[in-house]
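Since the structure comes first, as structure tokens, the remarks are kept for the end.
The values are calculated or read from the model by the stated rules, or taken from the named source; none is laboratory data. Keep in mind that what you see is a predicted model, and the values were worked out from it rather than measured. Here the Cβ is made from the backbone with ideal geometry for all residues, glycine too, and neighbour counts use every protein chain on show. For accessibility, only protein heavy atoms count, side chains too; no ligands or nucleic acids. Shrake-Rupley method; radii C 1.70, N 1.55, O 1.52, S 1.80 Å.
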Amino acid sequence: MNAKTMEGLAGASASMSLISTPMNVAKEAERKGDTDKMQRALGYAAGMKDQAEEYGKKAEKGMKADAEEAKKQEKLHQEELIEARRKEREEQEKRLKGEGAGSEASSFDSVEISPEGKSQVGAAEETAPDGFDTAGAAAIADGTGDMVYDKSGESAQSAAAEGTYVDVSV
């Protein structure tokens, strides 16, 4: 908060609080019929009101300065974010250009399927009419497929290896 804002708000508040004293004196003088005293008290009250208005104007100037400062700070922050994103984009473009400068083959992964894998794919395509995978059961039975373990950690035969059909529905 700007110092002008704090000074203006505190001064205006104090001046408005102090107006009550001359106003009370003016009311008392009016009841007694003392017009000179009443006019003097109202003069003091008017002076306090003017002082409070001046402090209010000072507070407004301080708030405008605060708003301008906040706007400048926000603009600087936005510029910093834009610059950071620009640098990040440039670095990313450099990395992409650096990768693109190498051989085309180096930017791609290649997969080669072994003869064993090809035979397994062929065998997996041969499924029984009921959906039971006979090739998978044969692979498990001869030890080349997935192994099943019980709770104690010992290898056990799966339901597919035993030739039983397990139907699970949700």
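With a point put 7 Å past each Cα toward its Cβ, work out how far Lys97 is from Gln39 in nm, to one decimal.
8.7
Please give the solvent-accessible surface of Asp34 in Å², to the nearest 10, using a probe radius of 1.4 Å with every protein chain present.
70
Which whole-Hz couplings ³J(HN,Hα) result when phi for each residue of segment 19-35 is put into the Karplus expression 6.51 cos²θ - 1.76 cosθ + 1.60, θ = phi - 60°, listed in order with x for Gly and Pro?
For segment 19-35, the Karplus-derived couplings read 5, 4, 5, x, 5, 5, 5, 5, 5, 5, 5, 5, 5, 7, x, 8, 6 Hz, x marking Gly and Pro.
Tell me, what ³J(HN,Hα) does each residue in segment 89-94 have, in order and in whole Hz, if you take phi through Karplus 6.51 cos²θ - 1.76 cosθ + 1.60 with θ = phi - 60° and put x for Gly and Pro?
5, 4, 4, 5, 5, 5
Using amide H atoms built in the peptide plane, which far-off residues or other-chain residues are under 5 Å from Ala156 H to H?
Result for Ala156 returns Val148, Tyr149, Asp150.
Mind giving me the FRET efficiency for Lys118 and Leu81? R0 is 45 Å, r the Cβ-Cβ distance, nearest 0.05 is fine.
Efficiency, rounded to the nearest 0.05: 0.25.
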